[in-house]
1. May I ask you to derive the relative contact order of the stretch 38-99, considering only C-alpha pairs under 8 Å and at least 6 residues apart, and to give it as an integer percent?
2. Which length gain, in nm to one decimal place, applies between Thr33 and Glu96 when the Cα-Cα distance is subtracted from 0.36 nm times their residue separation?
3. Under 5 Å between amide H atoms, partner at least 5 residues away or on a different chain: which partners does Ile74 have, H built in plane at 1.01 Å?
4. Quick check: from the Cα gyration tensor, does the stretch 44-99 come out rounded (a/c under 1.5), prolate or oblate?
5. What relative contact order, as a whole-number percentage, does the stretch 1-72 give when Cα pairs under 8 Å and 6 or more residues apart are counted?
6. Here are labelled values, [x] 34; [y] 43; [z] 29, and one is the computed percent of Cα pairs over 19 Å apart for what I pasted. Which one?
7. Assign unit charges at the C-beta atoms only (+1 for Lys and Arg, -1 for Asp and Glu), then state the dipole size of the chain relative to its Cα centre in Debye, rounded to the nearest 20.
8. Among all lysine pairs in the chain that are eight or more places apart or on different chains, how many have alpha carbons less than 16 angstrom apart?
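Taken together, the values in this text are just the output of simple stated rules run on the coordinates, not laboratory data. Source: prediction; values computed, not measured. Virtual Cβ from ideal backbone geometry, glycine too; neighbours counted across all protein chains shown.
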Amino acid sequence: MKVLTACANGSGTSLMLMRTATKALKDMGFKVTQSDHTSVSEAKGTARNYDVVFTSLPFVKMFKDVEDRGGVVIGIKNVMSKKEVEDAVKASKLSEKFN
């Protein structure tokens, strides 16, 4: 599974979220083959190449095209919370598609 994380500037928050999400996904049994982080503006153009996009809650609607093509977009409030990521993954359709 290819994972993309995005935040406003593409540096701190998205990097922390990438590490948290990748660890949570692997611990949940998902096979993560690629993890990247970037800014929301860049992610809007590249997100279609990923299976799942994690982003801060205010940016979720910007990735509607990912969902339209069958990908999953997950909004996260606390990017350092592995439990929040795990709960959000369980509430999403990610398990149906990749497990």
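1. After rounding, I find 28 percent.
2. Additional length available on full extension: 20.9 nm.
3. Long-range HN contacts for Ile74: Val53, Phe54, Thr55.
4. oblate
5. Dividing the mean separation by the residue count of the stretch 1-72 yields 42 percent.
6. The calculated read-out lines up with [z].
7. 100 debye
8. The number of close lysine pairs in the chain is 23.
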